[in-house]
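Trainee: What follows is a single structure, and I will ask about it in a moment.
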Amino acid sequence: MVKKIDIKPAKGKLGIMTPGLGAVSTTFMAGVFRIRKNLSKPFGSVSQMQTIRLGGRDEKRSPLIRDFVPLADLRDIEFAAWDIFDDNAYEAAVKAGVLESKHLEDVKDELEKIKPLKAVFDRKFIHNIDGPNKKEGSKWEMAQQVREDIKKFKSEKNLDRVVIVWCGSTEVHIEKHPVHESLESFEDVLKNDDEWISPSMIYAYAAIMEGVPYANGAPHLTTDIPALEKLAEQKGVPVSGNDFKTGQTLMKTVVAPGLKARMLGLKGWFSTNILGNRDGLVLDDPGSFKSKEISKKSALDFIFQPDMYPDLYKDAYHKVRINYYPPKGDDKEGWDHIDIFGWLGYPMQIKLNFLCKDSILAAPIVLDLALFMDLAQRAGFKGIQEWLSFYFKAPLHAPELYPEHDLFIQHTKLKNTLRHMMGEELITHLGLKYYDVKE
Ligand SMILES: NC(=O)c1ccc[n+]([C@@H]2O[C@H](COP(=O)([O-])OP(=O)(O)OC[C@H]3O[C@@H](n4cnc5c(N)ncnc54)[C@H](O)[C@@H]3O)[C@@H](O)[C@H]2O)c1
């Protein structure tokens, strides 16, 4: 018998705060309001729609995940956000142009009430946009202001717990720096307004100091620095990231494990896409694109393991392009041209043309992450939540490990972690017992 972990109940209300009130966050919030009113179903959300098998296949025990683990109820959620623009969530959703007005009007009153808090912003980290709704003061002072925002939200809405999911724009790529090594040096440079501290690090620092779990939906460096990782451990706060796995990378991590499972070789993989939303505008800047490129490119290397399978994958050529094309709006179009080879080296091609809606794919991820991060904290999990890799393009991982990118392994890990939490046997898929063979 496996021992169940002691998980605190999901009593009271959960606050979900998002730095960024743009396409993803407003699509997420509008969706939750619609679902609460029974106007829509939570398609794409594993926490809401998926079942989990418990025990053998002959036991026929497959509850919904949300009935199996103690998750916050959607009716008990309150939202808040920070943004550099002062549009409320309804106005921001209209501008983002993801949801049609017929879907927004039903939840207009709820969305209008969400007015963005003043943002921590620095043009050095995001070049292509600027707005009026910003905090003032030193970086240290702004970190304290974010802590105040969290406390105020908690007391005004009478919340039991809060989680933060970064839904803001992608910051420019920066490397880890010695000042990120320890909490002392991090706080020192925070007080000295050092250029090595990004706005997202300020939100994350404030969140962890307030005991609030933090998930990073963008590819930039935030909690994956020793100072914040250690702080999260010390404070018992879960962190996860980086970069929501949607669109093209989702498809990559579906197709690549299949090719590898069948030992089909890869000559090259060219991915290009066009998108025209504000995210695309920010990614049009080379610094922000660099963050995205690194995050998008790493998946294939780790899935194919070219060092282990040099004949199949060592010389594979991989290129990723993102092109800002305003007429597309949030309707991204991605093309993947994949050159593979099989028996005797005979070449074959796969072409993928994914006409996706970025924020429609990202919104249920925000919901699942918020609910699972809250669950993790109540279960006493802290620091990096590798079991949530399923949702990320560049999953955080312990320094001595390589990240797991294979969607199917990530999925098994996620479900086995839930079984582990609840004291259920992990599923190995061995299944010999059905054939009268001793396991
Ligand atoms: N949509 C997807 O499928 C997807 C997938 C993976 C990652 N992402 C990432 O999610 C993030 C959000 O995407 P989106 O499509 O909603 O973008 P968006 O441009 O519509 O929204 C981002 C918002 O963040 C605001 N912002 C920028 N810097 C901020 C700061 N320091 N503090 C507070 N607000 C700030 C912007 O003003 C903007 O309103 C982006 O970083 C994007 O790269 C999106």
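The values are calculated or read from the model by the stated rules, or taken from the named source; none is laboratory data. Keep in mind that what you see is a predicted model, and the values were worked out from it rather than measured. Glycine also receives a Cβ, built like all others from the backbone with ideal geometry; neighbour counts cover every protein chain displayed.
Trainee: For region 232-250, which residues satisfy the criterion of being more than 10 Å from the ligand (Cβ to nearest atom), touching a Ser or Thr at 6+ places or on another chain (Cβ under 9 Å) and assigned to a helix (DSSP H, G or I)?
Mentor: Hit for region 232-250 is Ala232, nothing else.
Trainee: With respect to the numbered conditions (1) in the same structural domain as Leu104 (by TED's automatic domain parsing); (2) surrounded by fewer than 19 Cβ atoms within 10 Å (Cβ to Cβ), which one is the sole condition not fulfilled by Phe372?
Mentor: For Phe372, the exception is condition (2).
Trainee: Output the number of residues of region 214-229 satisfying the condition of being more than 21 Å from Thr246 (Cβ to Cβ) and either assigned to a helix (DSSP H, G or I) or within 16 Å of the chain's Cα centre (by Cα) (or both). Reasoning before the result, please.
Mentor: Just the residues of region 214-229 that are more than 21 Å from Thr246 (Cβ to Cβ), to begin with: 225-229.
The next check asks that each one be either assigned to a helix (DSSP H, G or I) or within 16 Å of the chain's Cα centre (by Cα) (or both); those that pass are 226-229.
So the answer is 4.
Trainee: Oh, and also: Could you tell me which residue of region 124-147 is farthest from the ligand (Cβ to nearest atom), considering only residues that are among the charged types (D, E, K, R) and farther than 21 Å from Gln377 by Cβ?
Mentor: If we filter region 124-147 for residues that are among the charged types (D, E, K, R), which is where we start, we get 124, 130, 134-136, 139, 141, 147.
Filter once more, keeping what is farther than 21 Å from Gln377 by Cβ: 124, 130, 134-136, 139, 141.
Details: Lys124: 11, Asp130: 9, Lys134: 8, Lys135: 9, Glu136: 14, Lys139: 12, Glu141: 15 Å.
Step by step, filter region 124-147, then rank; the result is Glu141.
Trainee: Still on this structure: When you check Lys290 against the structure, is it out of contact with any Phe, Trp or Tyr (no Cβ under 9 Å at 6 or more places or on another chain) and either over 18 Å from Tyr402 (Cβ atoms) or in the same structural domain as Met348 (by TED's automatic domain parsing) (or both), yes or no? Spell out how you get there, then give the answer.
Mentor: Numbers: out of contact with any Phe, Trp or Tyr (no Cβ under 9 Å at 6 or more places or on another chain): yes; either over 18 Å from Tyr402 (Cβ atoms) or in the same structural domain as Met348 (by TED's automatic domain parsing) (or both): yes.
In short, yes.
Trainee: Report the residue count in region 355-396 for those that are under 14 Å from the mean Cα position of the chain (by Cα) and either in a loop (DSSP other than H, G, I, E, B) or among the aromatic types (Phe, Trp, Tyr) (or both).
Mentor: Residues in region 355-396 being under 14 Å from the mean Cα position of the chain (by Cα) and either in a loop (DSSP other than H, G, I, E, B) or among the aromatic types (Phe, Trp, Tyr) (or both): 10 in total.
Trainee: So which residues in region 95-113 are crowded, with 17+ Cβ neighbours inside 10 Å and either within 13 Å of the ligand (Cβ to nearest atom) or modelled with pLDDT under 95 (or both), if there are any at all?
Mentor: If the condition is that a residue be crowded, with 17+ Cβ neighbours inside 10 Å and either within 13 Å of the ligand (Cβ to nearest atom) or modelled with pLDDT under 95 (or both), then Ala96, Val98, Leu99 are the ones that fit.
Trainee: Ok, one more. Answer with yes or no whether His173 is within 13 Å of the ligand (Cβ to nearest atom), surrounded by 15 or more Cβ atoms within 10 Å (Cβ to Cβ) and not hydroxyl-bearing (Ser, Thr, Tyr).
Mentor: Values: within 13 Å of the ligand (Cβ to nearest atom): yes; surrounded by 15 or more Cβ atoms within 10 Å (Cβ to Cβ): yes; not hydroxyl-bearing (Ser, Thr, Tyr): yes.
Yes.
Trainee: A follow-up question, please. In region 15-52, which residue that is of a type in the set (Ser, Thr, Tyr) and within 11 Å of the ligand (Cβ to nearest atom) is farthest from Asp130 (Cα to Cα)?
Mentor: Taking region 15-52 first, the residues of a type in the set (Ser, Thr, Tyr) are 18, 25-27, 40, 45, 47, 51.
Still in the running and within 11 Å of the ligand (Cβ to nearest atom): 18, 25-27.
Details: Thr18: 18, Ser25: 18, Thr26: 19, Thr27: 22 Å.
Selected residue: Thr27.
Trainee: Those residues that are in contact (Cβ under 8 Å) with a residue 40 or more places away in the chain and charged (D, E, K, R), I need them from region 347-362; list them, please.
Mentor: Lys357, Asp358, listed by residue number.
Trainee: Have a look at Leu418, Leu344, Leu430 and point out the one that is part of a helix (DSSP H, G or I), without any contact (Cβ under 8 Å) to a residue 12 or more places away in the chain and over 15 Å from the mean Cα position of the chain (by Cα). Break it down stepwise before answering.
Mentor: Values: Leu418 fails: without any contact (Cβ under 8 Å) to a residue 12 or more places away in the chain; Leu430 fails: part of a helix (DSSP H, G or I).
Result of the check over Leu418, Leu344, Leu430: Leu344.
Trainee: Which of the numbered conditions does Lys260 fail, given that it passes all the others? Conditions: (1) more than 9 Å from the ligand (Cβ to nearest atom); (2) basic (Lys, Arg); (3) within 21 Å of the chain's Cα centre (by Cα); (4) crowded, with 18+ Cβ neighbours inside 10 Å.
Mentor: Of everything listed in (1) more than 9 Å from the ligand (Cβ to nearest atom); (2) basic (Lys, Arg); (3) within 21 Å of the chain's Cα centre (by Cα); (4) crowded, with 18+ Cβ neighbours inside 10 Å, Lys260 misses just condition (3).
Trainee: What are the residues in region 176-190 that are in contact with a helix residue (DSSP H, G or I) (Cβ under 7 Å, 6 or more places away or on another chain) and either under 16 Å from Glu233 (Cβ atoms) or among the β-branched types (Val, Ile, Thr) (or both), if any?
Mentor: Val179, His180, Glu181, Ser182, Leu183, Phe186, Val189
Trainee: Kindly indicate whether Tyr346 is farther than 30 Å from Val239 by Cβ and surrounded by 15 or more Cβ atoms within 10 Å (Cβ to Cβ). Spell out the reasoning first.
Mentor: On the way: farther than 30 Å from Val239 by Cβ: yes; surrounded by 15 or more Cβ atoms within 10 Å (Cβ to Cβ): no.
Answer is no for this residue.
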